[in-house]
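The structure appears right after this line, and notes come after that.
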Protein chains: 2
Amino acid sequence: MAKLKSAALEKSSHLEYFNIAVSVDCVIFAYAEKALKVLLIQSDLEEFAGMYSLLGDLVRPDEDLDEASYRVLRERTDLHDVYLEQVHTFGNLNRHPSGRVITTAYYSLINLKNNKLQLTHNELSWHDVNKVRKLAFDHKQILDTCLQRLREKVLEQPIVFNLLPEKFSLRELQDLYEAILGVELDRRNFRKRIILKDWLIDLNEMEVDVPHRPGKLYKLRPSLKRNGKLSVKSEQKLTA
Amino acid sequence: MAKLKSAALEKSSHLEYFNIAVSVDCVIFAYAEKALKVLLIQSDLEEFAGMYSLLGDLVRPDEDLDEASYRVLRERTDLHDVYLEQVHTFGNLNRHPSGRVITTAYYSLINLKNNKLQLTHNELSWHDVNKVRKLAFDHKQILDTCLQRLREKVLEQPIVFNLLPEKFSLRELQDLYEAILGVELDRRNFRKRIILKDWLIDLNEMEVDVPHRPGKLYKLRPSLKRNGKLSVKSEQKLTA
DNA sequence: AAGAGTATATGTACTTCTTACACATTGTGT
DNA sequence: ACACAATGTGTAAGAAGTACATATACTCTT
């Protein structure tokens, strides 16, 4: 922006340079049926008839970029304090058939149990991330990029808990990690590592209504809760 | 973008939604005098008189986002195949005093030895990253974010070689890592680790004109060269 | 030419982390 | 009461990381 003078913003270059629209797209992850799911909507562009796309919207001139992605989430899920992370901005010339639109991709992690309104917006549906083949625009690439980022992040930071109910067993937690990472984990080693990280608090409660020996229930240590606003400072490196 | 119809792009929302300008800002890193340097320019906005800012420009309606950052680099450094990585997009409402501008930050790594034209653009100057206190706009935050990303990345990927000449000694390489990470490293352990990573080729040459016992010279294994285009696929995890 | 100065080159013991792996226990359902 | 299914737990071997000291090669000074 060094060369940009105030004058330039108000005069001739205006028409020329304000020809780019700015949007956000949200990759909304949830966990259900032992699979990582992503919330998609039927595309309403005729170019992409019958295809699904991510949830997104143009950024309003009077809202912060991050705020725009929160708004998309609020409008779609009625959830407020969701975990949200910016991942990448996609700005290829022809990524949008109707014009020049650059989009900033975010992913968010929500807990389906808190969220009954899945059917309020009936064009929306949940899809197993491993079964998504093709999406409108460059949304498959956006999804892949966000998924990769999520995979890196869950190894270091206690963010997966945003996908789980308040109370969970170690088995549920391990299933979730396996769903995200797409690998099988050794149960004993997993338990050892997760306990070492000191993320969890033992609730001294047990699972109920399971058709086998019930497991202990845990919750995330409250000081590590990270739903809500972005831009975390002083990150505790959690593998170290 | 799901809700955006072609019609919307051409009708009333046009004026409303194309009021956001899009820019790129480049954090151009180089290595000199055993310090990591960043290329800055005197701000030409009166709001920031006397302050420095990063190098950036508005994205043109007919160029890809990544292309815009390459252009900024080309225009400023006359370098072509530079390492460039997108880091984050900053979109706060009031980050630019003259209007609504969202900017995507990139960092690049260049080799000062290849680059004689430092003085062609005489408003430009190199600054030790540790001594930069305040910059125009939110550029200090952008610099910090890019530096943090660089620090994470150099531990995993063989990218620091973009900052060094073709041939270098292990001491030079270690000095560079120390400058980037801001820590002292143990020489024997550093050599062991870097050899283990198998990034280097022993040139069977020696340093010359050093006032002490000369060290061996190495170069980066050619298959790992990564200057040039972005978006690396199949990244070899290099710590693993 | 000798000696001081400076940086290179190299290996080992200790600790920590990672991985592989088996058996007794506790609840449900029939 | 018995089959079933999942929980809960420890140890040994290998890999990776850390701390640390001495001999060597070249330059510069006198």
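The values are calculated or read from the model by the stated rules, or taken from the named source; none is laboratory data. All values reported here derive from a predicted model rather than from experimental measurement. Here the Cβ positions follow ideal geometry from the backbone for every residue, glycine too, while neighbour counts run over all protein chains shown. Ligands, DNA and RNA are excluded from the accessible area calculation, which covers all protein heavy atoms including side chains. Shrake-Rupley method; radii C 1.70, N 1.55, O 1.52, S 1.80 Å.
Scanning the range B:185-207 for residues that are away from DNA strand C (no atom under 13 Å from the Cβ) and at pLDDT below 95 yields B:Lys197, B:Asp198.
Do we have B:Leu173 as in contact (Cβ under 8 Å) with a residue 40 or more places away in the chain and either within 12 Å of DNA strand C (Cβ to nearest atom) or open to solvent by less than 40 Å² (accessible area, probe 1.4 Å) (or both) here? Yes: the conditions hold for B:Leu173.
Assess whether A:Lys225 counts as being under 17 Å from A:Leu176 (Cα atoms) and either near DNA strand D (Cβ under 9 Å from one of its atoms) or not small (Gly, Ala, Ser) (or both). Criteria not met by A:Lys225. Residues in the range B:93-114 that are open to solvent by less than 10 Å² (accessible area, probe 1.4 Å) and over 29 Å from A:Pro61 (Cα atoms): B:Ser108, B:Leu109, B:Ile110.
Identify, please: which residue in the range A:177-210 is in a helix (DSSP H, G or I) and among the β-branched types (Val, Ile, Thr) and is, among those, farthest from DNA strand D (Cβ to nearest atom)? If we take residues in the range A:177-210 being in a helix (DSSP H, G or I) and among the β-branched types (Val, Ile, Thr), then A:Ile180 is farthest from DNA strand D (Cβ to nearest atom). B:Thr145 passes every criterion in (1) within 11 Å of DNA strand C (Cβ to nearest atom); (2) within 14 Å of another protein chain (Cβ to nearest Cβ); (3) among the β-branched types (Val, Ile, Thr) apart from (1).
For the range B:20-43, the count of residues that are more than 22 Å from B:Lys225 (Cβ to Cβ), modelled with pLDDT under 95 and of a type in the set (Gly, Ala, Ser) is nonzero.
Pairs under 7 Å by beta carbon, first residue closer than 22 Å to A:Ala30 by Cβ in the range A:176-196, partner charged (D, E, K, R) and away from DNA strand C (no atom under 11 Å from the Cβ), six or more apart or different chains? What qualifies is A:Ala179/A:Lys34; A:Ile180/A:Arg151; A:Leu181/A:Arg151; A:Glu184/A:Glu178; A:Leu185/A:Glu178. When restricted to residues that are more than 7 Å from every other protein chain (Cβ to nearest Cβ) and open to solvent by 30 Å² or more (accessible area, probe 1.4 Å), the range B:81-92 contains 1. Residue pairs whose Cβ atoms lie under 6 Å apart, sitting 6 or more positions apart in sequence or on different chains, and linking a residue in the range B:71-92 that is among the charged types (D, E, K, R) to a partner that is assigned to a helix (DSSP H, G or I), are B:Asp78/B:Leu117. Consider the range B:211-223 and keep the residues that are near DNA strand C (Cβ under 7 Å from one of its atoms) and outside any strand (DSSP E or B). The one that is nearest to B:Arg191 (Cα to Cα) is B:Gly215. Regarding the range B:151-165, can at least one residue be identified that is touching a strand residue (DSSP E or B) at 6+ places or on another chain (Cβ under 7 Å), more than 12 Å from DNA strand C (Cβ to nearest atom), at pLDDT 95 or above and farther than 20 Å from B:Val38 by Cβ? Yes, the conditions are met somewhere in the range B:151-165. Among residues of the range B:46-80 being in a loop (DSSP other than H, G, I, E, B) and facing another protein chain (nearest Cβ under 8 Å), the one that is surrounded by the most Cβ atoms within 10 Å (Cβ to Cβ) is B:Leu54. Of all residues in the range B:139-154, none satisfies being surrounded by 14 or more Cβ atoms within 10 Å (Cβ to Cβ) and in a loop (DSSP other than H, G, I, E, B). Scanning the range A:208-221 for residues that are at pLDDT below 95 and under 16 Å from A:Lys167 (Cα atoms), we see that the one that is most open to solvent (accessible area, probe 1.4 Å) is A:Asp209.
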